[in-house]
Amino acid sequence: MDTKIKVPQAVKAKVMLWTDVSYHDMEEIDNMQSIPDLESVLCSVLGVDLPEPKRGVLLELYVQTVLFSRECSFKKEQTSALLSIIKSIHEANIETPLNNIEQCFIYCKELILCHSVRRPPFSVDLFSSKEVNCIFEYIHNSYMRHYKLYKYIFTPQVKLDLSLTYSGIPDHEDSSASEVAEVLPKKDGSPETQETSITEEDTSAGPTSELKALIEKEVKEQMMLVSGHLDQRMKDIADQHNRALDSPQLNHKARK
């Protein structure tokens, strides 16, 4: 099993016209009126081959995107691009179990700009300024607000075993002096101490035992302090993200 965890990275936005859904696929999608039929077509077109509940959650996301496009009277190419944008944002979110909401938010804005400003071959004016605001608000309400839920469902649980050893202490004492802490990262990326098991020596062991206990106490306090700082940082990022999305303002001026 691969134990490596992918670190959140910035994703470069690109034009996604007819990337995942072709013109013929859009004709099939437009002909479907019932939700079950629409789910069946989207499952085939977008290659949704996942076990439940992942399959149901992802299909619901795509179905709602198609229904939103119909409400806005989007053309086939607009609906196709929007489905690819939603799909790409979701893939960027679940590529790591760590918190990457800031990268996803920036990626979302850049994707929308790629489809709202005419600057071939880097961007196209597929959506008007009014449509961009509607799309941005829709993505915020349908996906970004539930960012942690999607990450919880689609990313694996990460467990870290932390063992401490002390230099200068005989080997036969190491096993009884080590502290093993299981740290279960939250889905927003901040570590949460799930369980801590400490094997203590007899207090009559002398100064060495007292030193070990002091070190263990200090390490535990530092872990709690770092965890608190990360929790606060994640809260600040989420608050900043919500304030920005409550008043979506996108710059549609093309770079010269």
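Tabulated values for the structure
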| item | result |
| --- | --- |
| Where residue 69 falls short, out of the listed (1) over 18 Å from residue 111 (Cα atoms); (2) crowded, with 17+ Cβ neighbours inside 10 Å | (1) |
| Given (1) closer than 30 Å to residue 121 by Cβ; (2) part of a loop (DSSP other than H, G, I, E, B), number of the condition residue 33 does not satisfy | (1) |
| Test result for residue 151, of a type in the set (D, E, K, R) and open to solvent by 70 Å² or more (accessible area, probe 1.4 Å) | no |
| Residue match in the stretch 34-55 (condition: modelled with pLDDT of 95 or more, surrounded by 18 or more Cβ atoms within 10 Å (Cβ to Cβ) and over 24 Å from residue 154 (Cα atoms)) | no |
| Pick from the stretch 75-89, criterion open to solvent by 10 Å² or more (accessible area, probe 1.4 Å) and touching a residue at least 60 places away in the same chain (Cβ under 8 Å), ranking: farthest from residue 149 (Cα to Cα) | 77 |
| Residue in the stretch 12-26 that is within 27 Å of residue 110 (Cβ to Cβ), out of contact with any His (no Cβ under 9 Å at 6 or more places or on another chain), modelled with pLDDT under 95 and loosely packed, with under 13 Cβ neighbours inside 10 Å present | yes |
| From the options 25, 37, 30, residue that is free of Cβ contacts under 8 Å to residues at least 40 places away in the same chain and not aliphatic (A, V, I, L, M) | 37 |
| Enumeration of residues in the stretch 199-222 that are open to solvent by 50 Å² or more (accessible area, probe 1.4 Å), under 16 Å from residue 163 (Cα atoms), modelled with pLDDT under 75 and not in a loop (DSSP other than H, G, I, E, B) | 222 |
| Which numbered condition residue 92 fails, given (1) touching a Phe, Trp or Tyr at 6+ places or on another chain (Cβ under 6 Å); (2) open to solvent by 50 Å² or more (accessible area, probe 1.4 Å) | (2) |
| Residues of the stretch 114-148 satisfying the condition of being open to solvent by 50 Å² or more (accessible area, probe 1.4 Å) and under 17 Å from residue 62 (Cβ atoms) | 141, 146 |
| Some residue of the stretch 95-111 being in contact with a Leu (Cβ under 7 Å, 6 or more places away or on another chain) and not β-branched (Val, Ile, Thr) | yes |
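The values are calculated or read from the model by the stated rules, or taken from the named source; none is laboratory data. Given the structure is predicted, the values throughout are model-derived calculations rather than measurements. Here the Cβ is made from the backbone with ideal geometry for all residues, glycine too, and neighbour counts use every protein chain on show. The area values use the complete protein model at the heavy-atom level, side chains included, leaving out ligands, DNA and RNA. Shrake-Rupley method; radii C 1.70, N 1.55, O 1.52, S 1.80 Å.
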